[in-house]
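Below: one structure, written as structure tokens.
The values are calculated or read from the model by the stated rules, or taken from the named source; none is laboratory data. Note that this is a predicted model, so its numbers are computed, not measured. Glycine also receives a Cβ, built like all others from the backbone with ideal geometry; neighbour counts cover every protein chain displayed.
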Amino acid sequence: MKQNKYLIVIAGPTGVGKTDLCINLAKIFNTEIISSDSRQFFRETDLGTAKPTNLQLKKAPHHFINSLSIHDNYDVKQFENDVLNLLEDRFQIHELIIMTGGSGLYIDAVCNGLDEIPEIDPAIREKVIEEYQLKGLGFLQEEVSKIDPLYFESVDKNNPQRLMRALEVFLGTGKPFSSFRQKKRAKRNFQIIKIGLERAREELYKRIDLRMDLMVQEGLFDEAKSLFTFRHLNALQTVGYSEIFRYLEGEYDQEEAVRLLKRNSRRYAKRQLTWFKKDPEWTWFHPEQLEEIKSFVQNQIA
């Protein structure tokens, strides 16, 4: 593959408007879209992960949406390998391909590479899960903040899956999880153009709240109820489901669950922006600047 192939990475916080923009760009450049949103891989989760609708999916070819079951084990290293293999194939047809999402670690893995994480003894994972079940989320947060403050700063602090992973890697290797992020940038045989999307905070938060109201109207609570039996699975330890599972367990009422859904989604968006803003390679646009983004991509390629 030659260096005249381009991966256009379009990232930003939840609710900013990535989906519509990327579909429009895919039409303009006659190309395909790779999802790097780790929450959208799973077939059983639709409303809670704000996947593109069936109509949107028909407007441009998408990859890594509905590609897995919540019962499958899948990690960021597998995603890196799968995307690189896919790009090798699709670059035979397209000059550029779009990758979009809000999962910073997954985007970093494709752009920069990720060190192999040694296999962790299953007994260590079982011990971590047991401690979480006994001591709760606060225990995980406290432990990870001590052993890996760098990762803790950017991780979704309400996602026990991510926190347990960081803790088990540390216990199994003696090294913080953040140390496995590739220090030396991996060489890629394509060029990468990074585009960040942002809105004024008040505008973004209003969109998140409105979208959450719509998701609830469309049946988010029913979807979560259908998945309640599997709430222990890693794929469901995420904003959009955790809050409703706790409601279904009787911890609080539905009104409080909706309040927490909105609050935690806003907090998640803030953490996503913090992660991306640390990287100076992003060029930032408002999602409605389609013509400006199109011109930017054309100029970068030219």
Glu44 is checked against (1) of a type outside the set (Val, Ile, Thr); (2) under 26 Å from Ala200 (Cβ atoms); (3) part of a loop (DSSP other than H, G, I, E, B) and fails just one. What number does that condition carry? (2)
Pairing a residue in region 82-110 that is outside the structural domain of Lys294 (by TED's automatic domain parsing) with any residue that is in a loop (DSSP other than H, G, I, E, B) and of a type in the set (Ser, Thr, Tyr), where Cβ atoms lie under 8 Å and the two sit 6 or more apart in sequence or on different chains, gives none
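For region 51-69: of the residues being of a type in the set (A, V, I, L, M, F, W, C) and buried (at least 16 other Cβ atoms within 10 Å of the Cβ), which is farthest from Asn30 (Cα to Cα)?
Selected residue: Leu68.
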Pair list, Cβ under 7 Å, 6 or more apart: region 15-35 residue in contact (Cβ under 8 Å) with a residue 12 or more places away in the chain, other residue of a type in the set (A, V, I, L, M, F, W, C) and in a loop (DSSP other than H, G, I, E, B): Ile23/Ala60; Ala26/Ala60; Lys27/Ala60; Glu32/Ala60; Ile33/Ala60; Ile34/Phe64; Ser35/Phe64; Ser35/Ile65
Arg199 fails exactly one of the following numbered conditions: (1) modelled with pLDDT under 90; (2) under 21 Å from the mean Cα position of the chain (by Cα); (3) assigned to a loop (DSSP other than H, G, I, E, B). What is the number of that condition? (1)
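Determine whether Ala235 is modelled with pLDDT of 95 or more, out of contact with any Pro (no Cβ under 7 Å at 6 or more places or on another chain) and under 23 Å from Gly48 (Cβ atoms).
On the way: modelled with pLDDT of 95 or more: no; out of contact with any Pro (no Cβ under 7 Å at 6 or more places or on another chain): yes; under 23 Å from Gly48 (Cβ atoms): yes.
When the stated conditions are applied, Ala235 does not pass them.
Here is a yes/no grid of residues against (1) crowded, with 17+ Cβ neighbours inside 10 Å; (2) in contact with an Asp or Glu (Cβ under 6 Å, 6 or more places away or on another chain); (3) not hydrophobic (A, V, I, L, M, F, W, C):
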position	(1), (2), (3)
Glu198	yes, no, yes
Glu203	no, no, yes
Met215	yes, no, no
Gly219	no, no, yes
Thr229	no, no, yes
Ala235	yes, no, no
Tyr241	yes, no, yes
Tyr247	yes, no, yes
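Let's see how each residue does on (1) of a type outside the set (S, T, N, Q); (2) closer than 24 Å to Asp108 by Cβ; (3) in a helix (DSSP H, G or I):
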position	(1), (2), (3)
Asp213	yes, no, yes
Thr229	no, no, yes
Leu261	yes, no, yes
Arg267	yes, yes, yes
Phe296	yes, yes, yes
Residue list for region 146-167, filter: within 18 Å of Ile129 (Cβ to Cβ), part of a helix (DSSP H, G or I) and either among the basic types (Lys, Arg) or under 16 Å from the mean Cα position of the chain (by Cα) (or both): Pro160, Gln161, Arg162, Leu163, Arg165
All-but-one check, Gln272 against (1) farther than 30 Å from Asn112 by Cβ; (2) modelled with pLDDT under 95, failing number (1)
Conditions (1) modelled with pLDDT under 90; (2) among the β-branched types (Val, Ile, Thr); (3) over 27 Å from Glu116 (Cα atoms) -> Val155 fails only (3)
Under 8 Å by Cβ, and 6 or more places apart or on different chains, what pairs join a residue from region 58-81 that is within 25 Å of Pro122 (Cα to Cα) with one that is in a loop (DSSP other than H, G, I, E, B) and of a type in the set (Gly, Ala, Ser)? Phe79/Ser36; Glu80/Gly113
Neighbours by Cβ (under 7 Å, 6+ apart or cross-chain): first from region 175-193, farther than 20 Å from Ala302 by Cβ and modelled with pLDDT of 90 or more; second surrounded by 12 or more Cβ atoms within 10 Å (Cβ to Cβ) and of a type in the set (Val, Ile, Thr): Pro176/Ile147
For helices (runs of 4 or more DSSP H) lying entirely in region 48-145, having 2 or more residues that are over 22 Å from Ile34 (Cα atoms) and not charged (D, E, K, R) picks out 122-135
Condition first: part of a helix (DSSP H, G or I), under 23 Å from Ala269 (Cα atoms) and of a type outside the set (Ser, Thr, Tyr). Now tell me which residues in region 232-252 satisfy that. Asn234, Ala235, Leu236, Glu243, Ile244, Phe245, Arg246
Report yes if some residue within region 232-253 is farther than 19 Å from Leu137 by Cα and either among the polar types (S, T, N, Q) or not assigned by TED's automatic domain parsing to the domain that holds Gln161 (or both); otherwise report no. yes
Might you let me know whether region 14-32 holds any residue that is outside any loop (DSSP other than H, G, I, E, B), touching a helix residue (DSSP H, G or I) at 6+ places or on another chain (Cβ under 9 Å), of a type outside the set (Asp, Glu) and at pLDDT below 95? no
